[in-house]
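Novice: Once you've had a glance at the structure underneath, I'll fire off some questions.
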Amino acid sequence: MSFLTHLECPKCGAAYDPSQVVNLCACGSPLLARYDLERLARAVTKEDLVGRRADLWRYWEFLPLERKENIVSLGEGFTPILRAPNLGRELRLKHLYIKDEGLNPTGTFKARGAAVGVSKAKELGIKKIALPTAGNAGGAWSAFGVKAGMEMIIAMPQDAPDLAKKECIVTGATTYLVEGLISDAGQIIARGVKEYGWFEASTLKEPYRIEGKKTMGLEIAEQFNWELPDAVLYPTGGGVGIIGIWKALNELKEIGWIEGPMPKLISVQAEGCAPIVKAFAEGKKESEFWHGARTIAGGIRVPKALGDFLVLEAVYSTKGTAVSVSDAEIMEALKLVARTEGMFICPEGAATVAAAKKLRDSGFLGEDERVVLLNTGSGLKYPELVEIRLPIIKGLQGA
Ligand SMILES: *Cc1c(COP(=O)(O)O)cnc(C)c1O
Ligand SMILES: [Zn+2]
């Protein structure tokens, strides 16, 4: 069923056979899935999508599976793009939208990457998957992995959110807590991969997670009726989502389903961990390792992304920008969204709200532009962020 032809290295151009298990290119770069888009365009039209299943598998022609029976699904994707007029009034943006990824299984958009990554791994006959995570990817991959009957090995920072740890524990994943950051957890996993032959599904070290996240771009195009918005703001950690959206839009452009300028892709990071923003400000093509990374938005606490050069290319080539916000601004934005739109969003998503405010103030975003914020997860996954300070009322019994 697939139109997948090969895996391609965006750095050196080398091609790999997708029927084999591959991680990185020999040159060290991540690999990107390439499709026979001409044949794909003859096989499917926009109209064909109407009435298909309301999850990301509605786009199966754009996905890498050969056989539908290998699909491992928990209902991921096809999340709503909600208008946010009350928040828009506060930010002076007349056409503001939030794509709510918090409605995905396991509460974050990590479910997209896990669904496609695990499904393809199943198709390739993989039985044991290992990955480091800041928390949410662990929850998502262990859920899909277990459903596929695989053994999952997860390593995460010891200070990752409790809920993410519990998701891994409850699904029976072998779970390791590691001193330090996701990069330290990554080193532990890399050692295990070498010693025990696990399949490594670290961010961008396998080529299909990004194909799952790409569906956010397909959905943005379809949900806007193929008339793209002017800007998309994305909270960037490993950058898979923003690279994926950019890849999807390029594929759609190539088959003629969308035209005109691309939305400005805007990479948002936290002030305490902003390697992409720094590289962008310096006009560089790659980022440097960010020492002492700190932010309450754990999903974007990634000191050095393997795909940083692709994130920067997406931003440069769409005339986007990269901007950082403080943890205080994130918390303020999180409360503002809850109080105006009734949505308890995650701190990473809140970072895009704070960034939109900054970019509106600076004039980078115009009042009439159609702006989409990616809320990458549910605030329900971060209960520790909200303090409870309420009086206790005595019961009336015996009064
Ligand atoms: C992982 C994560 C991010 C960052 O995603 P990338 O695609 O790796 O940049 C953002 N928000 C949340 C909630 C996450 O879990
Ligand atoms: Zn290469």
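The values are calculated or read from the model by the stated rules, or taken from the named source; none is laboratory data. On a predicted model such as this, the values are computed, not experimentally measured, just so you know. No Cβ is skipped: glycine too gets one built from the backbone with ideal geometry, and neighbour counts run over all protein chains shown. Accessible surface is based on the protein model in full, side chains and every heavy atom, while ligands, DNA and RNA are left aside. Shrake-Rupley method; radii C 1.70, N 1.55, O 1.52, S 1.80 Å.
Novice: Which log10 I(q)/I(0) values does region 224-357 give at q = 0.15, 0.18 Å⁻¹ under the Debye formula, counting every alpha carbon as one identical point scatterer?
Specialist: Log-scaled intensity ratios, in q order: -0.70, -0.95.
Novice: Hey, another quick one. So what's the back-of-envelope 222 nm ellipticity for the chain, counting only DSSP H runs of four-plus at -39500 (n - 2.57) apiece and dividing by all residues, rounded to 500? List each step's numbers first, then the result.
Specialist: Details: 13 runs with 145 residues, N = 399.
The per-residue figure over the chain is -11000 deg cm²/dmol.
Novice: Moving on. Between region 77-101 and region 259-321, how far is it from one alpha carbon centroid to the other, in angstrom?
Specialist: That distance is 23 Å.
Novice: Ok, one more. Give me the 1.4 Å probe accessible area per residue for region 156-305, excluding ligands and nucleic acids, in Å².
Specialist: Details: 6000 Å² over 150 residues.
With all protein chains present, region 156-305 gives 40 Å² per residue.
Novice: Going highest first, how would you order 250-256, 300-306, 160-166 by mean Cβ packing within 10 Å? Before the final figure, lay out the partial values.
Specialist: Numbers: 250-256: 16.4, 300-306: 22.6, 160-166: 19.6.
Result, highest mean first: 300-306, 160-166, 250-256.
Novice: Where a ≥ b ≥ c are the square roots of the eigenvalues of the C-alpha gyration tensor, would you call region 66-122 rounded, which needs a/c under 1.5, or, failing that, prolate if a/b is larger than b/c, or oblate?
Specialist: Working: a/c = 4.17, a/b = 3.55, b/c = 1.17.
The shape class here is prolate.
Novice: Ignoring ligands, DNA and RNA, what percent of the 1.4 Å accessible area of the chain is carbon and sulfur?
Specialist: Solvent-exposed carbon and sulfur of the chain make up 52 percent of the total.
Novice: Follow-up question, since we're still on this one. Starting from the alpha-carbon convex hull of region 243-311, give the projected area averaged over all orientations, in nm².
Specialist: On the way: hull surface 21.4 nm².
Approximately 5.3 nm², given one-decimal rounding.
Novice: Per residue, how much accessible surface does region 1-103 expose to a 1.4 Å probe? Answer in Å², no decimals.
Specialist: Values: 4950 Å² over 103 residues.
Value for region 1-103: 48 Å² per residue.
Novice: Can you list the HN-Hα couplings for region 92-100, worked out from phi with the Karplus curve (6.51, -1.76, 1.60; θ = phi - 60°), rounded to whole Hz and with x for Gly and Pro?
Specialist: 6, 10, 6, 10, 9, 10, 10, 8, 9
Novice: While we're here: Distance check, please: which entries in LYS99/LYS165; LYS122/LYS205; LYS284/LYS319; LYS264/LYS357; LYS99/LYS247 exceed 20 angstrom between their Cα atoms?
Specialist: Numbers: LYS99/LYS165 26 Å; LYS122/LYS205 17 Å; LYS284/LYS319 15 Å; LYS264/LYS357 16 Å; LYS99/LYS247 18 Å.
Result: LYS99/LYS165 exceed 20 Å.
Novice: Ratio to report: Rg/Rh of the chain, with Cα atoms as the point set and Rh obtained by the Kirkwood method; give two decimals. Could the numbers behind the result be given before it?
Specialist: Details: Rg = 20.5 Å, Rh = 21.2 Å.
That ratio equals 0.97.
Novice: Here is a follow-up. Find the accessible area per residue for region 331-399; the probe is 1.4 Å, ligands and nucleic acids are left out, and the unit is Å².
Specialist: On the way: 3920 Å² over 69 residues.
Value for region 331-399: 57 Å² per residue.
Novice: Evaluate Rg over Rh across region 177-251, taking Cα atoms for both radii and Kirkwood's formula for Rh. The partial results should precede the final answer.
Specialist: Details: Rg = 16.1 Å, Rh = 14.3 Å.
In region 177-251, Rg relative to Rh is 1.13.
Novice: Using the Cα atoms as the points, what is the convex hull volume per residue of region 195-295 in Å³? All intermediate terms of the calculation are to be shown ahead of the outcome.
Specialist: Working: hull volume 14.5 nm³, N = 101.
That works out to 144 Å³ per residue.
Novice: With just the Cα atoms defining each centre, how far is region 169-210 from region 134-148? Give it in Å.
Specialist: Each part's Cα centre sits 11 Å from the other's.
Novice: For region 279-399, rounded, prolate or oblate, judged on the Cα gyration tensor with a ≥ b ≥ c (square roots of eigenvalues), a/c < 1.5 rounded, else prolate if a/b > b/c?
Specialist: On the way: a/c = 3.21, a/b = 1.93, b/c = 1.66.
Because a/c hits 1.5 or more and a/b exceeds b/c, region 279-399 counts as prolate.
Novice: From the Cα gyration tensor of region 324-370, with a ≥ b ≥ c the square roots of its eigenvalues, which class applies: rounded if a/c is under 1.5, or else prolate if a/b is larger than b/c, or else oblate? Write down the numbers at each step before the final one.
Specialist: Numbers: a/c = 2.45, a/b = 1.44, b/c = 1.71.
Oblate is the answer for region 324-370, as a/c is 1.5 or above yet b/c matches or exceeds a/b.
Novice: Step by step: find N for region 1-138, compute 2.2 N^0.38 Å, then divide the Cα radius of gyration by it. What's the final number? List each step's numbers first, then the result.
Specialist: Details: Rg = 17.9 Å, N = 138, 2.2 N^0.38 = 14.3 Å.
Compactness ratio reported: 1.25.
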